[in-house]
Amino acid sequence: MARRACVRAARRGALAGFVIVSASYRTDIPAFYGEWFINRLRAGFCRYNNPYNSQVCTVSLARADVDGFVFWTKNAGPFLPRFAEVRERGFPFTVQYTINGYPRALEHSVVDAAKSVEHARRIADEYGPRVVVWRYDTIVHSSLTSHEFHVANFERLATALAGVTDEVVVSFAQIYRKSRINMDAAARLYDFTWSDPEQNKKASLAGELADIARTHDMRFTVCSQRVFLEPGRIEDARCIDADRLAAVAGYPIRGALRGNRPECGCHESRDIGEYDTCPHGCVYCYAVRNRALAQRRYRAHDANSEFLFA
């Protein structure tokens with residue numbers, strides 16, 4: 001049944017003519033798997049294992065079948081030369097660029113925020129002002145990242161990114177079992193404490209950050225957490241956004257609003273990443289059980305494979 005569902009989805013995209021490809025909210029393809037992506041783009045397809053049932057799914061990457069790409073990254077540096085080929089092949093794209101500026105205890109090997117800001121600016125200068133969306137995500141409350149830290153840190157980053165993007169997406173940490181285990185382990189190792197504050201405290205912080213974003217001409221949106229929405233101030237995020245892709249492309253792009261989890265406001269897409277393959281070492285990450293596993297898989301990765309990780 002699951003395999004038939006993959007086939008139906010692939011055929012639906014091909015028959016409709018288009019699908020948006022997400023690359024990828026499961027891992028950081030631009031930072032770590034850029035060569036694989038370009039190889040698959042040239043081949044015209046890739047495969048991935050359905051994370052819920054291990055069935056193999058095939059995604060066409062042919063221009064006739066793909067409306068555009070949404071890239072997700074915390075370090076676009078390694079992929080900067082490759083964006084040109086994506087564009088030359090006729091694909092519009094947007095970049096969901098996470099820039100948090102967190103301490104190393106929370107983001108073990110993420111590139112320095114100043115470097116990410118530089119990369120984001122280069123992308124915007126080269127490919128247009130609607131391409132980059134800043135993500136301040138995930139918001140973690142800890143003794144290293146207090147309410148006051150977030151306000152000052154967000155202000156600093158928003159100032160640096162003014163004119164680079166017109167939107168910032170945030171979300172508050174959702175504490176799944178594996179993220180709780182990783183957060184507790186990091187807290188013991190680096191001697192800090194963390195918490196999951198009450199909703200009203202999160203809402204207060206969201207309001208302050210929204211006001212800062214507005215002063216820098218950025219829409220402030222929240223990903224899959226509609227309890228924090230405020231009309232005219234805090235909007236619902238659409239990370240996979242056919243309308244933004246259309247603005248980048250210069251022609252209409254159709255897309256059904258069909259998110260991948262409750263309260264997700266995204267347009268329908270196919271994600272081609274694999275869980276447990278990102279070695280950044282962000283302890284709050286829901287997509288990685290532990291960094292050692294992700295590092296092993298990264299080292300075992302074959303850039304010439306049809307799969308990002310088989």
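The values are calculated or read from the model by the stated rules, or taken from the named source; none is laboratory data. Being a predicted model, the structure only gives us computed values, none of them experimental. Neighbour counts are summed over all protein chains in view; Cβ atoms, including those assigned to glycine, are modelled from backbone coordinates with ideal geometry.
Residue pairs whose Cβ atoms lie under 6 Å apart, separated by 6 or more positions or on different chains, with the first residue in region 299-310 and polar (S, T, N, Q) and the second part of a loop (DSSP other than H, G, I, E, B) and surrounded by fewer than 16 Cβ atoms within 10 Å (Cβ to Cβ), do not occur.
For the residues G232, G259, G265, the requirement of being free of Cβ contacts under 8 Å to residues at least 60 places away in the same chain and over 30 Å from N49 (Cβ atoms) singles out G232. Within region 32-50, residues that are surrounded by fewer than 16 Cβ atoms within 10 Å (Cβ to Cβ) sit with their Cβ atoms under 9 Å from residues that are aliphatic (A, V, I, L, M) and assigned to a helix (DSSP H, G or I), at 6+ positions apart or across chains, in these pairs: N50/A2; N50/A5.
Filtering region 206-252 to residues that are of a type outside the set (A, V, I, L, M, F, W, C) and either part of a helix (DSSP H, G or I) or on the phi > 0 side of the Ramachandran plot (or both) leaves G207, E208, D211, R214, T215, D217, S224, R226, G232, D243, R244, G250. Checking A10, A23, A14 one by one, the residue that is in contact with a strand residue (DSSP E or B) (Cβ under 7 Å, 6 or more places away or on another chain), of a type in the set (G, A, S) and modelled with pLDDT of 95 or more is A23 and no other.
A quick yes/no check of all residues on (1) in contact with a Lys or Arg (Cβ under 9 Å, 6 or more places away or on another chain); (2) under 17 Å from H301 (Cβ atoms); (3) β-branched (V, I, T):
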residue: P30; (1), (2), (3): yes, yes, no
residue: E35; (1), (2), (3): yes, yes, no
residue: A43; (1), (2), (3): no, yes, no
residue: A64; (1), (2), (3): no, no, no
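Counted as qualifying within region 98-191 are the helices (runs of 4 or more DSSP H) with 1 or more residues that are closer than 21 Å to G281 by Cβ and of a type in the set (V, I, T), namely 113-127, 177-190. Among the residues of region 70-120, how many are of a type in the set (D, E) and over 21 Å from Y136 (Cβ atoms)? Residues in region 70-120 being of a type in the set (D, E) and over 21 Å from Y136 (Cβ atoms): 2 in total. For the condition of a type in the set (A, V, I, L, M, F, W, C), within 25 Å of A246 (Cα to Cα) and surrounded by fewer than 20 Cβ atoms within 10 Å (Cβ to Cβ), what is the one hit in A162, A120? One residue alone meets the criteria, A162. Exactly one residue out of R299, R261 is out of contact with any Leu (no Cβ under 7 Å at 6 or more places or on another chain), over 23 Å from F69 (Cβ atoms) and outside any strand (DSSP E or B): that is R299.
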